[in-house]
Amino acid sequence: MLALPRGGVPVGYEVAERLQLPFDVYVVRKLGVPGHAELAMGALANDGTCVVDENLIASLRLDDETIQDVIHREAEEIRRREEAYRDGRPQADVAGKIVILVDDGLATGATMRAAATALRRHNPAEIVVAVPVAAYQTCEALREVADRIVCPFTPEPFIAVGLYYENFDQTSDDEVRRLLAQAAERTGRRMSA
């Protein structure tokens, strides 16, 4: 099970714990429109895979230099997070395995699309996208890059992921590190038993 940080980590941790699955992060970053950072014009995965919304970019008349500046800034943040979260651990080998990608929810699905697209290059047996809440259209669009979508709640109209949580506080880097360490410890105990 791989979670998209930061918000997907607490969700993924609980699901991995319940299912007794190995757990890790898969670091991706949204490419926010300058001046409107919450609006995704695409996303970038840790291996450099970049997906963009060509229609949005064209409609906003964003030039290549602006887009490249955002990509460069987010690539730096990916490197920082990889270093902060991995603690020297290598990325999970997904070849031949069923990979469950988890996030706290999907609005545009840009980061999930980048993650699934990047992971597909590593030859997993199957990619399953699992989220508690998402826009219906986003789930349908992700069928292009995922083998299965598991999403129990697709409200219409969909406004924002945070509206469907009692507590949608920002997940900190410290919480991500703590949950990853607990998962590694649990997996280590299971392997030695």
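The values are calculated or read from the model by the stated rules, or taken from the named source; none is laboratory data. Because the structure is a prediction, the values reported are computed rather than measured. Every residue, glycine among them, receives a Cβ derived from its backbone with ideal geometry; neighbour counts consider all protein chains shown.
Here are a few things to note about the model shown:
- Conditions (1) polar (S, T, N, Q); (2) surrounded by 11 or more Cβ atoms within 10 Å (Cβ to Cβ); (3) more than 14 Å from the chain's Cα centre (by Cα); (4) more than 22 Å from residue 179 (Cβ to Cβ): number failed by residue 91: (4)
- Reported count of residues in the range 157-193, each being under 20 Å from residue 38 (Cα atoms) and either small (Gly, Ala, Ser) or not in a helix (DSSP H, G or I) (or both), is 12.
- For the range 148-176, residues that are over 22 Å from residue 113 (Cβ atoms) and small (Gly, Ala, Ser) total 1.
- The condition (being in contact with a helix residue (DSSP H, G or I) (Cβ under 8 Å, 6 or more places away or on another chain) and at pLDDT below 95) is satisfied by just one residue among 40, 45: 40.
- Residue 56, sole failed condition from (1) more than 30 Å from residue 18 (Cα to Cα); (2) in contact (Cβ under 8 Å) with a residue 24 or more places away in the chain; (3) more than 14 Å from the chain's Cα centre (by Cα): (2)
- Residues within the range 30-61 that are part of a helix (DSSP H, G or I) and surrounded by 15 or more Cβ atoms within 10 Å (Cβ to Cβ), tallied: 3
- Test result for residue 114, in contact (Cβ under 8 Å) with a residue 24 or more places away in the chain, within 22 Å of residue 173 (Cβ to Cβ) and not polar (S, T, N, Q): yes
- Looking across 74, 82, one residue alone is under 20 Å from residue 117 (Cα atoms), part of a helix (DSSP H, G or I), touching a Gly at 6+ places or on another chain (Cβ under 9 Å) and of a type outside the set (A, V, I, L, M, F, W, C). It is 74.
- Positions within the range 91-111 being part of a loop (DSSP other than H, G, I, E, B), farther than 18 Å from residue 15 by Cβ and not polar (S, T, N, Q), in sequence order: 93, 95, 96, 107, 109
- The set of residues in the range 9-29 that are closer than 21 Å to residue 78 by Cβ and either without any contact (Cβ under 8 Å) to a residue 24 or more places away in the chain or not in a strand (DSSP E or B) (or both) comprises 9, 10, 11, 12, 13, 23, 26, 27.
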